[in-house]
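Structure record follows, encoded as structure tokens.
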Amino acid sequence: MHKLKSIFKYAYKYKNKYMLGIGVLLLVDLVQLAPPKIIGVISDSLSTGYASDKFILKFVLLLLAAASVIAAGRFIWRIFIIGTSKNIEYDIRNTFFKHLQSMSINFYNSKKTGDLMALATNDLNSVVHALGFGVVMIVDSIFMSFITIIIMLSINTKLTIISLIPLPFISIIASKFGKKIHKKYMSVQKAYSSLTDIVQENLSGIRVVKSYVQEDSEFEKFSAENNHNLKENMEFAKLWGLLHPLVELLASLGFVIFIGLGGLYVIQGDISLGDFVAFNMYLGQLVWPMMAIGWVINVIQRGFASLERIEEILKENPEIVSTPGVHTINSINGDIDIKDLTFYYKDTKEPALKNINLHVNKGETLGIIGRTGSGKSTLVNLLVRLFNIDDGKITINGYDINSIPLKTLRENIALASDPFLFSSNITENINLSQDSLNIEAVIKASKDADIYDNIMDFPEGFDTIVGERGVTLSGGQKQRVSIARALIKDPEILILDDCLSAVDAKTEAKILENLKSIMMDRTSIIISHRISAVKNSDNILVLDEGEIVEQGKHSELISLKGLYNEIYEKQLIEEKIQEEGDN
């Protein structure tokens, strides 16, 4: 009962349409009971010799009228039941996608994209099928069985009872198979998810696959998973394939009993030939509801299995939310303070950041440098609350970061980090954060990011489609488009997280020069492996293994002869070697 409530709660919004559709379905079922009776009357009139042309024509027209009502009614209930199930599909898919967007980074670290895709497509279709044809089969099987049996009892009670002996066995078989079908379908859906994940991953990384000549190896992995998927589906098909014939066999036994016993009753005069014909047709009409019991068990069980998987995701709460009691503020333009911040990633024993203490004045530029894995990106990810931290660890403009509404925080911070581009055109990628298009602002942002000339070299200019993940652009071009996307936000805090690594030193210098006037009036944070990107910052942090090991201006850090100076001297040597190579 709990599962039924869960699956039908999505239909509550459309209860009026469902009720109308079910009402029309019941009307169609009632009208379907008329043809056997009409044909029985015609058969009796023919057998007794009382039939006339007008009599036959009258009942033929009645049959045609019944057929017309049934045809029209079936169209209407399909619109209101099956059509409504499609509206529910639309609602659930929207709810599911919106929920996925609200989930935090840790959620995606533990979930496979292929599995989530399978939930939004294959599993959702199973739920909707249960709410569409599942509803039809439940109503049809119960109502048609009940009314048809009553009519058959009115013809001959003993004949009805004996003919319906197989009915309880059908229910028992359907119940036994239902549990097995449910369990096996869960395995089928998991196999499908794994298969989807492999395909998605291979298509996204097709350039790597080809570059390392791994087509055959990846095909073997896919083939093995595809074989597992086939095996699970075949086992499911065997279960379903066995259920259907068993139901048909038991239903057919009813006909065998009826033909033998009913024929004897006609010979003995206990029932008329017309009643025999009508009873035969009614028994035939019972076969569908009896078979539908098996069908509906399968459909509903599949719907339950899929709904369980979907609701498992929907029941997961996002880790990062605007907590009760947040301040109603529209600006975060102010000082940034970090006090005694230590941060652990989920399921790790070593901290990614240790005892970080930092103050950034409003309008200043902070440079952060350090080896790979030193905690640079972790620090700025915490500033935009991609992960949770304890209260009192970070304050911006005097407000604890946990008390600032997420929307306010993220609208006023622009983070140029992973140069992920959507498979649309360049204009849409740059203008991502804006509600409307201002092409002048797009052009200005592209010039400040030093990507304008490259864009104009493309035949389609700003309308150039960049392809999935920006595949048609070079690494440096993608980084500069992502910088332009950050600049067009006109943020109060600008964060450039290693987004100049794929450009050459000359281009980097030009971009930084363009950004000088932009960063002058806002707080900026530049993360880089290159000293040249951070050396003009008001303050520079040197991180190592999650700790601040050095801090100060460029000249001060050089004089310390520590890690910063070591990195600086190595990069000077690399630059000289490169210059000599160019010459």
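How tilted is helix 133-155 with respect to the longest principal axis of the chain? Cα atoms for both, answer in degrees (0 to 90, nearest 10).
10
Which value results when the Cα radius of gyration for the chain is divided by 2.2 N^0.38 Å?
The value comes to 1.44.
For the pair D463/T121, report the inter-label distance in nm, with labels modelled 7 Å from Cα in the Cβ direction.
Placing both labels 7 Å along Cα→Cβ, they lie 3.1 nm apart.
Please give the contour-minus-distance gain from K183 to S217: 0.36 nm per residue of separation, less the Cα-Cα distance, rounded to one decimal in nm.
Full-extension gain reported as 9.0 nm.
I198: net charge of surrounding residues, Cβ under 12 Å, Lys/Arg +1, Asp/Glu -1, itself excluded?
Summing Lys/Arg as +1 and Asp/Glu as -1 gives -4.
Taking all protein chains together and a probe of 1.4 Å, list E411, E440 from the most accessible to the least accessible.
I get E440, E411, largest accessible area first.
Determine the alpha carbon to alpha carbon distance for each of K13/K238; K98/K407; K190/K315; K112/K354; K362/K553 and list only those over 27 Å.
Exceeds cut-off: K13/K238; K112/K354.
222 nm [θ] for the chain, helices only, -39500 (n - 2.57) per DSSP H run of 4+, per residue, to 500?
-21000 deg cm²/dmol, from helical runs alone.
What FRET efficiency, computed as 1/(1 + (r/R0)^6) with R0 = 25 Å and r the Cβ-Cβ distance, is obtained for E569 and E350, rounded to the nearest 0.05?
Between E569 and E350 the formula returns 0.30.
Relative to the compact globular guide of 2.2 N^0.38 Å, what is the alpha carbon radius of gyration of the range 421-559, as a ratio?
1.12
Contour minus end-to-end for L273 and H228, with contour as 0.36 nm per residue of separation and end-to-end as the Cα-Cα distance?
Stretched fully, the L273-H228 segment lengthens by 10.6 nm.
Quantify, in whole percent, the carbon and sulfur part of the accessible surface of the chain (1.4 Å probe; protein heavy atoms only).
Roughly 58 percent of what the probe reaches on the chain is carbon or sulfur.
Under a point spin-label approximation (7 Å from Cα along Cα-to-Cβ), what is the L203-A509 distance to one decimal in nm?
Going from the L203 label point to the A509 one covers 4.5 nm.
To test your reading of the geometry: what angle, between 0 and 90 degrees and rounded to tens, separates the Cα axis of helix 439-448 from the longest principal axis of the chain?
Value to nearest ten degrees: 50.
Give me the 1.4 Å probe accessible area per residue for the range 45-141, excluding ligands and nucleic acids, in Å².
54
Compute the FRET efficiency between I161 and E316 as 1/(1 + (r/R0)^6), taking r as their Cβ-Cβ distance and R0 = 51 Å, and round to the nearest 0.05.
Between I161 and E316 the formula returns 0.45.
Rounded to the nearest 20 debye, what is the charge dipole size of the chain about its Cα centre when +1 sits on each Lys and Arg Cβ and -1 on each Asp and Glu Cβ?
2980
Note the full-extension length gain between D53 and V31 as 0.36 nm times their separation in residues minus their Cα-Cα distance, in nm to one decimal.
5.5 nm
State, to one decimal in nm², a quarter of the convex hull surface area for the C-alpha atoms of the range 315-368, i.e. the direction-averaged projected area.
Mean projected area for the range 315-368: 6.4 nm², to one decimal.
Quick one: angle between helix 273-314 and the longest Cα principal axis of the chain, in degrees between 0 and 90, rounded to 10, please.
Tilt of helix 273-314: around 10 degrees.
At 1.4 Å probe radius, can you tell me the per residue accessible area of the range 428-543 in Å²?
For the range 428-543, the per-residue accessible area is 45 Å².
Considering only DSSP beta bridges where both residues belong to the chain, give the percentage that are antiparallel (nearest 5).
45
Quick one: which residues, 5+ away or cross-chain, put their amide H under 5 Å from the amide H of T342? H built at 1.01 Å from N.
For T342, whose amide H was placed from the backbone, the distant partners under 5 Å are N355, I356.
The values are calculated or read from the model by the stated rules, or taken from the named source; none is laboratory data. Because the structure is predicted, anything quoted here is derived from the model rather than measured. Neighbour counts are summed over all protein chains in view; Cβ atoms, including those assigned to glycine, are modelled from backbone coordinates with ideal geometry. Side chains included, ligands, DNA and RNA excluded: accessible areas come from the protein's heavy atoms. Shrake-Rupley method; radii C 1.70, N 1.55, O 1.52, S 1.80 Å.
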